[in-house]
Amino acid sequence: MKIVILGTGPVCQVLAPAFLALGHQVVVGTRDPGATMEVNLGFRRLTARHPALELAGFRDAVAAADRAGLVVNAISGPACLDALAPLAGSLAGHVVVDVSSPYDWSGEDAVLDPVNTDSLGEAIQRALPGAFVVKTLNTLAAEVMPDPDVAGQDHTVFVSGDDSAAKARVGDLLQSLGWRDVLDLGGIRTARATEMMLRMWIDTSQALGTHLFGFKIVR
């Protein structure tokens with residue numbers, strides 16, 4: 001299928017080759033393709049290794065999406081709403097996989113906003129009322145997202161979203177990446193829970209001295 005990834009940072013740079021390896025067509029969206037290729041060395045190296053990867057502006061990338069595929073929001077959390085809102089009409093009817101984190105890292109420590117009474121996942125769903133937003137993979141380091149075994153043991157990945165069919169499609173993709181324990185938490189409101197887990201992720205990472213780990217729900 002065709003997968004559109006919005007954003008060219010570290011998350012895109014690990015997900016794109018994983019999707020290509022599964023045989024999917026991947027189109028990456030960015031604000032300015034020329035600037036991305038000029039200043040983003042990591043992405044430039046990625047395209048050199050994977051010439052099949054396509055790069056386009058946000059609008060052109062979304063226009064290239066088809067409803068049988070998926071659109072992945074890998075834009076930085078604090079910036080993604082401004083980038084996604086103008087695309088609302090084009091994204092209507094599409095499954096949008098939100099892997100973003102609403103942490104603002106501009107200060108001495110990460111600040112989660114929104115928190116508790118709202119979530120970035122819910123805000124994206126409100127901004128894209130015609131899309132089917134599914135929150136997932138946001139409790140993990142980028143390197144673990146496409147390769148759960150890199151963390152050493154079976155662990156849990158969560159999905160949140162209001163549309164069951166959309167979650168099932170995302171679950172199929174997660175399983176194809178090697179995820180064995182995919183836990184459906186319920187509606188997009190449950191994105192509040194996984195987004196708030198990220199504070200635990202930061203502190204656990206510091207305690208362990210590594211970000212290659214995951215959370216396991218034992219039941």
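I'd like to check something: does segment 171-185 contain any residue that is among the charged types (D, E, K, R), over 15 Å from the mean Cα position of the chain (by Cα) and assigned to a loop (DSSP other than H, G, I, E, B)? Yes, there is a match, as at least one residue in segment 171-185 is among the charged types (D, E, K, R), over 15 Å from the mean Cα position of the chain (by Cα) and assigned to a loop (DSSP other than H, G, I, E, B). Counting the residues of segment 1-57 that are among the hydrophobic types (A, V, I, L, M, F, W, C), surrounded by 15 or more Cβ atoms within 10 Å (Cβ to Cβ) and in a helix (DSSP H, G or I) gives 11. Going by the conditions given, is PHE158 aromatic (Phe, Trp, Tyr), surrounded by 15 or more Cβ atoms within 10 Å (Cβ to Cβ) and either closer than 24 Å to ARG67 by Cβ or touching a residue at least 60 places away in the same chain (Cβ under 8 Å) (or both)? Spelling it out, it is not the case that PHE158 is aromatic (Phe, Trp, Tyr), surrounded by 15 or more Cβ atoms within 10 Å (Cβ to Cβ) and either closer than 24 Å to ARG67 by Cβ or touching a residue at least 60 places away in the same chain (Cβ under 8 Å) (or both).
Yes or no, residue by residue, for (1) in a loop (DSSP other than H, G, I, E, B); (2) over 22 Å from ALA65 (Cα atoms); (3) more than 12 Å from the chain's Cα centre (by Cα):
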residue	(1), (2), (3)
VAL97	no, no, no
SER100	yes, no, no
GLU108	yes, yes, yes
ASN116	yes, yes, yes
LYS135	no, no, no
THR139	yes, yes, no
GLN153	yes, yes, yes
LYS167	no, no, yes
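Taken as a whole, the structure places THR204 among residues that are without any contact (Cβ under 8 Å) to a residue 12 or more places away in the chain and in contact with a Phe, Trp or Tyr (Cβ under 9 Å, 6 or more places away or on another chain).
Touching a His at 6+ places or on another chain (Cβ under 7 Å) and in contact (Cβ under 8 Å) with a residue 24 or more places away in the chain, is that true of PRO33? So PRO33 fails the test.
Results for (1) out of contact with any Leu (no Cβ under 7 Å at 6 or more places or on another chain); (2) buried (at least 19 other Cβ atoms within 10 Å of the Cβ); (3) of a type in the set (Ser, Thr, Tyr), shown as yes or no for each residue.
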residue: PRO146; (1), (2), (3): no, yes, no
residue: GLN153; (1), (2), (3): yes, no, no
residue: SER164; (1), (2), (3): yes, no, yes
residue: LYS167; (1), (2), (3): yes, yes, no
residue: GLN175; (1), (2), (3): yes, no, no
residue: LEU183; (1), (2), (3): yes, no, no
residue: MET197; (1), (2), (3): yes, no, no
residue: ILE202; (1), (2), (3): yes, no, no
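Condition check ((1) in contact (Cβ under 8 Å) with a residue 40 or more places away in the chain; (2) over 15 Å from VAL4 (Cβ atoms); (3) touching a helix residue (DSSP H, G or I) at 6+ places or on another chain (Cβ under 9 Å); (4) among the charged types (D, E, K, R)) across all residues:
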position	(1), (2), (3), (4)
MET37	no, yes, yes, no
ARG45	no, yes, yes, yes
PHE58	yes, no, yes, no
ALA74	yes, no, yes, no
ALA83	yes, no, yes, no
PRO102	yes, yes, yes, no
ASP109	no, yes, yes, yes
VAL115	yes, yes, yes, no
PHE132	no, no, yes, no
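Checking each residue in segment 24-48 for being of a type in the set (Gly, Ala, Ser) and under 19 Å from the mean Cα position of the chain (by Cα) picks out GLY29, GLY42. Tallying residues that are touching a Ser or Thr at 6+ places or on another chain (Cβ under 6 Å) and without any contact (Cβ under 8 Å) to a residue 60 or more places away in the chain within segment 183-193 yields 3.
Take the residues of segment 204-214 that are surrounded by fewer than 14 Cβ atoms within 10 Å (Cβ to Cβ) and hydrophobic (A, V, I, L, M, F, W, C): which is farthest from ALA110 (Cα to Cα)?
Looking at the filtered set, the residue picked out is LEU208.
Throughout, read-outs are computed from the coordinates displayed, never taken from laboratory work. Bear in mind the structure is a predicted one, so any value in this text is a computation, not a measurement. Using ideal geometry, Cβ is built from the backbone for each residue, glycine included, and neighbour counts are taken over all protein chains shown.
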